[in-house]
Amino acid sequence: MHKMLVVDDEHDICDFVRNFFQERGFMVFTALNGDEALSIAKKESPSVVLLDIKMKGMDGIATLKHLREMDRAMKIIMVTAFDDQDKRDEACRLGACDYITKPLELDHLEQTVEKILK
Ligand SMILES: [Mg+2]
């Protein structure tokens, strides 16, 4: 069973994505901020992380750096409401596998996750 970590400072998004992937057989953990994400990632070693960029405190880019230091194999998909080419490039350089924009389209999200886990 694949473990997934969903990191977003919006409760509703965490719940929505968790329900969707739980129904598809994933074990899903959620975190509302970067610190929480790092401690869950350390304990659970998820194979895939959905990581919101815009969060209070440690943002998604900083969290991405820490996750990469922790585990090079973890697949990380950045999620953002603002499609910003600079952020996209930076995330890619830091080792994010993909980049998707909100509002989340679940079919697209599922395809992206499946592609990355192959
Ligand atoms: Mg956010």
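The helices (runs of 4 or more DSSP H) found wholly in the stretch 30-101 and carrying at least 3 residues that are closer than 16 Å to Leu5 by Cβ and open to solvent by less than 10 Å² (accessible area, probe 1.4 Å) occupy 34-44, 60-70.
Select from the stretch 30-84 the residues that are basic (Lys, Arg) and either in contact (Cβ under 8 Å) with a residue 12 or more places away in the chain or within 16 Å of the ligand (Cβ to nearest atom) (or both) and list them in ascending order. Within the stretch 30-84, Lys42, Lys54, Lys56, Lys65, Arg68, Arg72, Lys75 qualify. Entry remark, the stretch 1-27: residues being open to solvent by less than 20 Å² (accessible area, probe 1.4 Å), more than 13 Å from Glu110 (Cβ to Cβ), in contact (Cβ under 8 Å) with a residue 24 or more places away in the chain and not in a loop (DSSP other than H, G, I, E, B) number 3 in total.
The values are calculated or read from the model by the stated rules, or taken from the named source; none is laboratory data. Since the model is a prediction, treat every value here as computed from it, not as a measurement. Note: ideal-geometry Cβ built from the backbone for every residue, glycine included; neighbour counts use all protein chains shown. We work out accessible area using only protein heavy atoms, side chains counted, and drop any ligands, DNA or RNA first. Shrake-Rupley method; radii C 1.70, N 1.55, O 1.52, S 1.80 Å.
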